[in-house]
1. Between [x] 4, 19, 30, 27, 15, 4, 0; [y] 4, 17, 25, 23, 15, 9, 5, 2, 0; [z] 4, 16, 21, 16, 14, 13, 10, 5, 1, 0, which matches P(r) over Cα pairs in 10 Å bins from 0, in percent calculated for the structure shown?
2. What is the stretch 1-155's relative contact order, in percent, from Cα pairs under 8 angstrom and six or more apart in sequence?
3. For a quick protection proxy, order the peptides 160-166, 402-408 by their average other-Cβ count within 10 Å, most packed first.
4. Between residue 336 and residue 72, what length comes free when the chain is fully extended (0.36 nm per residue of separation minus the Cα-Cα distance, one decimal in nm)?
5. Per DSSP H run of n ≥ 4, the term is -39500 (n - 2.57); total these for the chain, divide by its residue number, and report the mean residue ellipticity at 222 nm rounded to 500 deg cm²/dmol.
6. Can you give the FRET efficiency for residue 102 and residue 438, using 1/(1 + (r/R0)^6), R0 = 51 Å, r = Cβ-Cβ distance, to the nearest 0.05?
7. Could you list 152, 144, 216 so that the one with the fewest beta carbons within 10 Å of its beta carbon is first and the one with the most is last?
8. Starting from the Cα of residue 185, step 7 Å toward the Cβ, then list every residue of the stretch 194-219 with an amide N under 18 Å from that point.
């Protein structure tokens, strides 16, 4: 009816993206910005889609322009895509500040919430759109299952799409109360949390897809905490704490985060891997892999693969004869675009092998076929790295400055595998080549990994639950003493 209605083109793009049709989404977004060149935050969303399908024509120039605009607080990109574009903590925080001040400024309409409960059970509210078969729930379910019911009451606030699977069926029973709030406004959800006596509101989304960050702008609880879903600062003055560890956020750079940092021992990331590995034995042929040769893998989402990272991977393949790179086909365009890129680097396209999505337990089992997992940067693997380590596949990472680039290092540190953490792309590439050519050295690392994964803190779910709950108690104690939020060292 109105071909120049830019909002309609934009909303078409949003819907196409939700249906995993990135090419159609990109076309709709480009139509919207052609009509309205100053459409807020759309250039960043367009760049994110291009990264999602690995269409890298002119991508560096586009990203550099975006980063320049972010630095002067232009409304140019949502915060989440920026984590994939730059390792700069300053730019990541600036993007988040611009977004939150524009979309979710602090609001005192509901007044000051009641004091957190100092007597009886402490009530924790967990807020997410992902209470189904999702990467976050894959990690965090153990936190709900092993909650200390002598000290805590937990309530789930679900505002995501209606999903029916094994996880969505199981999860409500892990909570003392589970509320579907998807039809309520942000303010109504915050009011409900207050009515239910939530002492600590834990946001599991940050600025990721389907977030409802506005809930926290109304102060859903006297204490508000960011955990697990978003590896960066919210830049929101009303988020009191961010749960991390000393690897992902060294104290020397903590000032780049608006939240007070909770330092857990070991790794910040809780992992619930119990009984999640299928007994199915896969062979190379079943997975489209060559019968012989070294298998590098990176089964992360494609938006994390940058032009620079891919170039280094191609150099590695060039140095390691008969090796292949095993990737995840997150959408139909990825395989074609990356194979074209490999050919441009002089690497035969068939040396890229693409895995289809698979049920989790089977996916963990098939991953054992890989020899070495190559991490991405500046946004590294998180759940995917955990999966690889649990499957017994060593992970090689290159750390940067940002939280998103340091998660694999945190996981490896908790397994006493710090020798797999490199600090420059050159060292990363050389170590990958060395390990592929030194079977004894790689075998020794795999043996250490197999031993440590069962004896070290990373996969000790109950212990991590205890550390997180210890942090909750410290938060409440400070609050009851009228002390402002401050860094907590568990």
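Only the coordinates and a few stated rules stand behind these numbers; no lab work does. Keep in mind that this is a model prediction, so the values were computed, not measured. Cβ sites come from the backbone with ideal geometry, for glycine too, and all protein chains shown count toward neighbours.
1. [x]
2. Relative contact order, the stretch 1-155: 14 percent.
3. 402-408, 160-166
4. Here the segment from residue 336 to residue 72 would lengthen by 91.4 nm.
5. -12500 deg cm²/dmol
6. The value I calculate is 0.45.
7. Going from least to most buried by this count: 152, 144, 216.
8. Residues 194-195, 212-219 fall inside that zone.
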